[in-house]
Every structure is written in structure tokens, then in C-alpha cells.
Ligand code: AMP
């Protein structure tokens with residue numbers, strides 16, 4: 001696996017990939033788990049080469065504490081990527097991604113204002129801006145995004161359409177623990193007590209009950225609800241456990 005910390009070195013390599021070969025890109029913030037790995041496996045199955053990006057994007061964190069506490073596991077990540085025979089890893093720093101210090105941004109005015117957007121002001125501006133930059137840098141045929149972050153996936157798809165981005169945005173199913181909890185880099189920060197609550201969270205929201213009954217049951221289990229909503233035939237939830245925000249969604 002070739003590792004690039006310099007975007008220009010990666011772009012030089014990109015130019016050497018022949019036109020008839022397909023490139024897939026998987027953007028991540030590191031702290032890789034089986035959810036990320038499933039995206040990489042799908043990209044490897046569908047393309048000749050796969051580029052993974054690791055960039056912990058500060059502009060999408062509206063809460064500084066969340067950013068500071070976000071797990072960073074570089075050595076393990078590199079090992080996991082090598083084991084999967086990932087072709088390229090791009091891991092630039094803030095200055096490389098934001099030479100303008102986040103002066104130019106991408107904003108969306110509808111879908112980005114609900115769910116995680118209303119709970120986390122500015123979050124999707126940061127997400128869309130960094131994803132656009134990574135899509136431009138990768139210059140890939142396909143880009144892989146998880147349904148775990150369904151609102152993000154929809155927004156990225158719509159952004160790609162709006163800006164005539166040639167890269168195809170490919171949705172990938174949510175990977176879960178045996179108890180149904182969606183894998184997340186944040187799960188590793190849960191205490192053992194918190195992990196049990198997270199298991200309850202995963203179980204409770206899947207029930208065929210209405211939203212107010214589910215909210216009540218979550219609160220009875222001392223799980224603080226950020227939102228519980230239904231859009232596009234899906235149920236979306238965000239809760240706080242151990243002060244860690246855990247999101248999930250699934251088709252009703
Ligand atoms: P992140 O590192 O959290 O920004 O995630 C990078 C990509 O992995 C995003 O497209 C996420 O939606 C996806 N992802 C994260 N967790 C999961 C999961 N449990 N199953 C499938 N995809 C996931």
C-alpha cells in the first residue's frame with residue numbers, strides 16, 4: 001500500500017492510472033472498524049484500484065470536546081488497510097485540505113437543516129465541503145458511503161448531482177454488532193455500562209411502536225434522546241450515552 005500525506009504526490013500517482021482502469025475511493029476519518037472495511041471490500045470488488053482517505057475533519061465538529069476525544073488509531077488503521085490489500089492511502093493534514101483556512105464552503109439549504117443538521121449547526125457545511133475536496137482530489141470513478149450516515153449519504157449524492165461531479169456515489173449497508181448496535185468509531189469510547197445501554201438503544205428503536213412510545217422507553221432506560229424522527233420511510237435516531245452521541249437509522 002502506498003501512503004500519501006502530500007496531496008500533490010497522490011495526484012501525480014492518479015495521473016499514472018490508465019483511463020480504462022477504475023478507481024474507487026472510500027473517505028474516512030480513521031479509527032477504522034468493520035463498517036469502514038465493508039466499504040473498502042466493496043470498492044475492491046467493483047474497481048481495479050482503491051484509495052482510502054483518512055482525514056479527521058475539524059470543520060464538521062460543532063463540539064470541540066467531541067473532536068478532541070475522537071479516537072485516533074493510525075498504526076492499527078494502516079495495518080487493517082494493508083491486510084485488505086488497499087492500494088492507496090491518502091492522509092493529508094489540515095493545511096493541505098484547507099489552504100484557504102475554510103474560507104470557501106459548500107452549503108445546502110434544505111436537507112442539511114433537519115435531523116443531525118438542526119442538532120449540529122454547521123456540521124453538514126463541514127461534511128459537504130470536505131467531501132467535495134476529497135472527491136476532487138481522488139478523481140475516482142466511484143465513491144463509497146455508508147447508510148449508517150444516511151442523511152450524509154443523501155446530501156453527498158445530491159451535491160454530486162448539483163455540481164455535475166463525475167464520480168458515482170455508491171451507498172453501502174450499515175454493518176452492526178451481533179446485538180444490532182451499528183458499528184461506529186465512537187462506540188469504543190463507551191464504558192461497559194454505556195455499552196449495555198447502547199445495546200438497549202439498538203433494540204428499542206427497532207420495535208414496531210410509534211415514536212412517542214419509543215422515546216418514552218428510551219428515556220425510561222436513562223437514554224437521552226437528541227432526536228427520533230421518520231423521513232423517507234426510515235426511522236432516524238440520535239441519542240447520548242456516556243455523553244457520546246450515537247446515531248442510527250433503518251428502513252421502516
Ligand atoms: P467516518 O469515518 O465515521 O466518517 O465514516 C466513513 C464512512 O464509513 C462513511 O461513509 C460512513 O457512513 C461509513 N460507516 C461508518 N460506520 C459504518 C457502519 N457501521 N456500516 C457501514 N458504513 C459505515
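The values are calculated or read from the model by the stated rules, or taken from the named source; none is laboratory data. Small disclaimer: the values here were computed from a predicted structure and weren't measured. Don't worry about glycine lacking a Cβ; one is built from the backbone with ideal geometry, like all the others, and counts go over all protein chains shown.
Brief remarks on what is shown
- When 150, 145 are checked against the criterion of being more than 8 Å from the ligand (Cβ to nearest atom), buried (at least 19 other Cβ atoms within 10 Å of the Cβ), closer than 21 Å to residue 33 by Cα and under 12 Å from the mean Cα position of the chain (by Cα), 150 stands alone in meeting it.
- Residues that are surrounded by fewer than 15 Cβ atoms within 10 Å (Cβ to Cβ) and touching a residue at least 60 places away in the same chain (Cβ under 8 Å), drawn from region 72-101: 82, 85, 93
- Considering the conditions (1) over 20 Å from residue 134 (Cα atoms); (2) modelled with pLDDT of 95 or more; (3) exposed (fewer than 15 other Cβ atoms within 10 Å of the Cβ), residue 16 is excluded by exactly one of them, (1).
- When 104, 61 are screened for being within 25 Å of residue 157 (Cβ to Cβ), touching a residue at least 60 places away in the same chain (Cβ under 8 Å), in contact with a helix residue (DSSP H, G or I) (Cβ under 8 Å, 6 or more places away or on another chain) and assigned by TED's automatic domain parsing to the domain that holds residue 152, only 61 passes.
- Summed over region 42-57, residues that are crowded, with 16+ Cβ neighbours inside 10 Å and either out of contact with any helix residue (DSSP H, G or I) (no Cβ under 8 Å at 6 or more places or on another chain) or over 15 Å from residue 81 (Cβ atoms) (or both) total 7.
- Region 1-11, residues that are surrounded by fewer than 18 Cβ atoms within 10 Å (Cβ to Cβ) and either within 16 Å of the ligand (Cβ to nearest atom) or over 14 Å from residue 136 (Cα atoms) (or both): 1, 2, 3, 5, 6, 9
- Within the set 111, 115, 137, the sole residue that is assigned by TED's automatic domain parsing to the domain that holds residue 14, within 21 Å of residue 206 (Cα to Cα) and more than 9 Å from the ligand (Cβ to nearest atom) turns out to be 115.
- Residue 162 being away from the ligand (no atom under 14 Å from the Cβ) and either buried (at least 17 other Cβ atoms within 10 Å of the Cβ) or modelled with pLDDT of 95 or more (or both): yes
- Residue within region 95-107 that is within 16 Å of the ligand (Cβ to nearest atom) and in contact with a strand residue (DSSP E or B) (Cβ under 7 Å, 6 or more places away or on another chain) present: no
- Scanning region 166-189 finds no residues that are in contact (Cβ under 8 Å) with a residue 40 or more places away in the chain, away from the ligand (no atom under 16 Å from the Cβ) and either over 17 Å from the mean Cα position of the chain (by Cα) or assigned by TED's automatic domain parsing to the domain that holds residue 233 (or both).
- Checked against the criterion of being surrounded by fewer than 21 Cβ atoms within 10 Å (Cβ to Cβ) and more than 16 Å from the ligand (Cβ to nearest atom), region 22-41 contains one or more residues that satisfy it.
- Enumerated strands (runs of 3 or more DSSP E) restricted to region 1-78, each holding at least 1 residues that are within 30 Å of residue 118 (Cβ to Cβ): 23-28, 49-54
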